[in-house]
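The values are calculated or read from the model by the stated rules, or taken from the named source; none is laboratory data. All values derive from a computational prediction rather than experimental measurement. Here the Cβ positions follow ideal geometry from the backbone for every residue, glycine too, while neighbour counts run over all protein chains shown. Remember, those area values only see protein heavy atoms, side chains included, never the ligands or the DNA or RNA. Shrake-Rupley method; radii C 1.70, N 1.55, O 1.52, S 1.80 Å.
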Amino acid sequence: MKITIFGTGYVGLVTGTCLADVGHDVLCMDVDAAKIARLEAGEIPIYEPGLEEMVKANVAEGRLRFTTEPAAAVAFGTLQFIAVGTPPDEDGSADLQYVLAVAETIGRHMTEEKVVVDKSTVPVGTADRVRETVAAALAERGESLAFEVCSNPEFLKEGAAIEDFTHGARIIVGTESERVKTLMRECYAPYIRLHDKLMFMDVRAAELTKYAANAMLATKISFMNEIANLAERL
């Protein structure tokens with residue numbers, strides 16, 4: 001299966017490498033030419049145990065490639081993963097400029113039907129904005145090509161990201177499209193053969209699930225810190 005990943009940061013590089021490692025043909029796109037040059041030379045810009053060896057092996061096998069050319073990236077994959085950063089804005093909200101820039105790029109360059117997959121951590125309702133952005137870029141070109149947008153949030157911990165991706169407890173996909181369900185099932189097939197942990201729900205539910213998981217982890221940490229404080233007092 002041909003898959004494009006926009007973004008070679010923590011989420012994008014781990015996702016692309018793990019999908020290539022199970023046999024998919026993956027092209028990772030980044031606007032940072034220096035980072036792409038390092039990756040092509042076998043240098044990994046982040047530290048994650050086991051990732052460097054996995055990247056080198058899949059590059060050598062020809063299943064993992066890198067580019068700075070947006071048109072080539074859009075033309076490549078049926079699935080177009082958006083895995084760029086969403087840093088906090090001045091008011092604390094997620095800055096979606098990079099996500100929407102990728103959506104605009106996809107709309108500007110696509111020439112056939114695509115499925116856009118939101119992998120970045122984004123607020124509820126982002127899929128609607130991505131859909132609008134792709135549609136606007138297509139309209140500007142006078143095109144009316146079919147495309148779909150789904151949500152596929154990540155649940156990766158630094159230091160255990162490969163383990164989390166390959167053996168995580170769940171794979172969440174937000175879509176109501178049977179075609180998208182079929183394609184995403186094909187994408188994750190190697191990871192669900194022994195245990196079907198692929199969970200489908202509507203797009204907004206998937207976007208909320210990511211925030212629910214993050215909030216639960218923060219709550220557990222806060223709770224244990226309070227218990228520790230109580231234990232000291234008692």
Self-check item: Nearest-10 value in Å² for the accessible area of residue 162, using the 1.4 Å probe
Solution: 30
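If you take the C-alpha gyration tensor of the stretch 46-121, multiply each eigenvalue by 5 and take the square root, what semi-axes do you get, largest first, in whole Å?
Working: eigenvalues 120, 87, 17 Å².
Value: 24, 21, 9 Å, ordered largest first.
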Quiz item: Once fully extended, how much extra length lies between residue 71 and residue 163, figured as 0.36 nm per residue of separation less the alpha-carbon to alpha-carbon distance?
Solution: 29.9 nm
Quiz item: Just how much of residue 91 is accessible, in Å², when a 1.4 Å probe is used and the result is rounded to the nearest 10?
Solution: 120
Quiz prompt | In nm, spacing of pseudo-spin labels at residue 221 and residue 185 (7 Å Cα→C-beta vector) | solution = 3.7
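Ordering 98, 191, 211 from largest to smallest accessible area (1.4 angstrom probe), what's the sequence?
Result of the area sort, largest leading: 98, 211, 191.
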Practice problem: Give me the Debye-computed log₁₀ of I(q)/I(0) at q = 0.16 Å⁻¹ for the chain, equal point scatterers on Cα only, no solvent, two decimals. | Solution: -1.16
Quiz prompt | Mean-position separation - Cα centroids, the stretch 101-156 and the stretch 1-28, in angstrom | solution = 18
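Fully extended, how many nm does the chain gain between residue 232 and residue 214 (0.36 nm per residue separation, minus their Cα-Cα distance)?
Working: separation 18, 0.36 × 18 = 6.48 nm, distance 2.76 nm.
Once the chain is fully extended between residue 232 and residue 214, it gains 3.7 nm.
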Quiz item: Ignoring ligands, DNA and RNA, how do 56, 119 rank by accessible area with a 1.4 Å probe, largest first?
Solution: 56, 119
Exercise. Would you mind working out the accessible area per residue for the stretch 2-232, using a 1.4 Å probe, and quoting it in Å²?
Key: 49
Self-check item: DSSP-defined antiparallel bridges as percent of all bridges, the chain, nearest 5
Solution: 5
Quiz item: Considering only Cα-Cα distances, which of the following residue pairs are longer than 21 Å: 119/157; 119/210; 35/181?
Solution: 35/181
